[in-house]
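Single-structure report; data block below.
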Amino acid sequence: METLRGSLLMVLAMAAFALEDMFIKSAAQSLPVGLILLIFGCGGMVIFAAMARAQGQPLWHPGFCTRAMALRSLSEVAGRLCYTLAIALTPLSSASAILQATPLVVAAGAVVFFGETVGWRRWLAILAGFIGVLIILRPGLSGFEPASLFAVAGTLGFAGRDLATRAAPKDMHNSQLGLLGFAMLVIAGVIMLGWTGLGEMQAADLSPRIWLDLTCATVIGVLAYTALTGAMRLGEISVVAPFRYTRLVFAMVLGVLVFGERPDALTLIGSAVIVASGVFTLLRSHRA
């Protein structure tokens with residue numbers, strides 16, 4: 001039952017993350033990525049701080065200073081910074097496709113670090129998902145963009161974050177984890193702004209539409225973050241993690257409807273392979 005709940009939470013999280021990406025990409029057409037991360041992080045911190053206080057949870061948890069949480073924080077900064085650059089510089093569907101390698105890294109890490117057992121059929125399903133990603137990426141061909149390397153780096157960062165979340169102290173509430181995570185976005189934004197500055201941005205660029213984009217991204221991001229954290233703390237990672245693949249479907253639909261992207265046949269075929277492998281993994285788990 002916990003594995004099923006974790007899987008459903010993962011699907012919800014991926015739908016919300018796709019919407020969050022859409023609003024961030026929209027804002028990135030006018031604002032520097034560093035400023036977006038800074039505003040986004042501050043907004044999320046306020047919401048999670050309010051949630052923690054409403055639940056009677058302290059804003060500081062001693063577990064923040066543990067090795068697992070330090071690794072989680074570093075991974076969060078790297079993952080968020082690189083992936084935000086990816087969705088700002090490349091098509092949303094392309095960046096999301098590369099991100100689908102995350103469950104492969106997470107599932108392998110769960111075996112190495114947490115001793116979870118993955119049968120050969122499930123390994124074949126995970127391998128099929130990886131082949132689906134390669135179909136979309138077409139490494140070495142003209143369809144691969146250099147800027148998509150940011151998405152690759154973001155994938156590694158998110159995988160490290162998810163594995164470290166699994167090792168979080170059991171008494172650490174999800175709102176405390178969210179507060180820590182969004183604090184890392186503020187740090188990522190400051191790092192990015194220190195590197196690029198504000199460029200030619202004017203005060204007029206912070207239009208009501210931009211504020212609406214950032215507000216929606218923050219609220220939906222909090223929902224996504226809460227659902228993802230819950231998913232990674234329920235059931236087997238090797239089963240729950242493949243449902244990250246659904247993010248590709250949501251992102252592809254939004255890319256077409258909002259940004260006029262046109263995924264080609266290989267992208268659609270690869271996406272179908274990825275989704276099918278995730279569904280098969282869950283079915284095999286229930287049968288076992």
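The values are calculated or read from the model by the stated rules, or taken from the named source; none is laboratory data. Because the structure is predicted, anything quoted here is derived from the model rather than measured. Ideal geometry is used to build each Cβ from the backbone, glycine not excepted, and the neighbour counts take in all protein chains shown.
Where the second residue is modelled with pLDDT under 90 and part of a helix (DSSP H, G or I) and the first is under 14 Å from Y245 (Cβ atoms) and small (G, A, S) and lies in region 1-12, which pairs have Cβ atoms under 6 Å and are six or more apart or on separate chains?
Every condition considered, the pairs that remain are S7/V240; S7/F243; S7/L282.
Could we say that D213 is at pLDDT 90 or above and of a type in the set (D, E) here?
It is true that D213 is at pLDDT 90 or above and of a type in the set (D, E).
Could we say that S73 is surrounded by fewer than 20 Cβ atoms within 10 Å (Cβ to Cβ) and polar (S, T, N, Q) here?
Yes; evaluated as a whole, the condition is true for this residue.
Name every residue in region 234-288 that is on the phi > 0 side of the Ramachandran plot and at pLDDT below 80, in order of residue number.
Of everything in region 234-288, just one residue is on the phi > 0 side of the Ramachandran plot and at pLDDT below 80, namely G235.
State which residue is nearest to A15 (Cα to Cα) when the search covers only region 205-229 and only residues that are among the small types (G, A, S) and part of a helix (DSSP H, G or I).
So the residue we want is A224.
Results for (1) out of contact with any Phe, Trp or Tyr (no Cβ under 6 Å at 6 or more places or on another chain); (2) surrounded by 18 or more Cβ atoms within 10 Å (Cβ to Cβ), shown as yes or no for each residue.
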residue: V11; (1), (2): no, yes
residue: A18; (1), (2): no, yes
residue: D21; (1), (2): yes, yes
residue: S30; (1), (2): yes, no
residue: F40; (1), (2): yes, yes
residue: A49; (1), (2): yes, yes
residue: P58; (1), (2): yes, no
residue: G63; (1), (2): yes, no
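Failed condition for A101, given (1) in contact (Cβ under 8 Å) with a residue 40 or more places away in the chain; (2) more than 21 Å from M10 (Cβ to Cβ), with all others met?
The one condition A101 does not meet is (2).
For region 138-186, give me the residue count where each residue is part of a helix (DSSP H, G or I), among the polar types (S, T, N, Q) and at pLDDT below 80.
Summing the residues that are part of a helix (DSSP H, G or I), among the polar types (S, T, N, Q) and at pLDDT below 80 in region 138-186 gives 3.
Out of R5, R72, report the one residue that is under 19 Å from T155 (Cβ atoms), at pLDDT below 90 and of a type in the set (K, R).
From the options R5, R72, the qualifying one is R72.
Quick one: in region 104-124, which of the residues that are touching a residue at least 40 places away in the same chain (Cβ under 8 Å) and under 25 Å from Y83 (Cβ atoms) is surrounded by the most Cβ atoms within 10 Å (Cβ to Cβ)?
Across region 104-124, the extreme among qualifying residues is A107.
For region 146-161, what are the residues that are in contact (Cβ under 8 Å) with a residue 12 or more places away in the chain and either surrounded by fewer than 16 Cβ atoms within 10 Å (Cβ to Cβ) or within 11 Å of C82 (Cβ to Cβ) (or both)?
A147, S148, F150, A151, V152, A153, G154, T155, L156, G157, F158
Run G44 past the list (1) under 13 Å from A183 (Cβ atoms); (2) modelled with pLDDT under 90; (3) crowded, with 21+ Cβ neighbours inside 10 Å and report the number of the one that doesn't hold.
The single condition G44 does not satisfy is (2).
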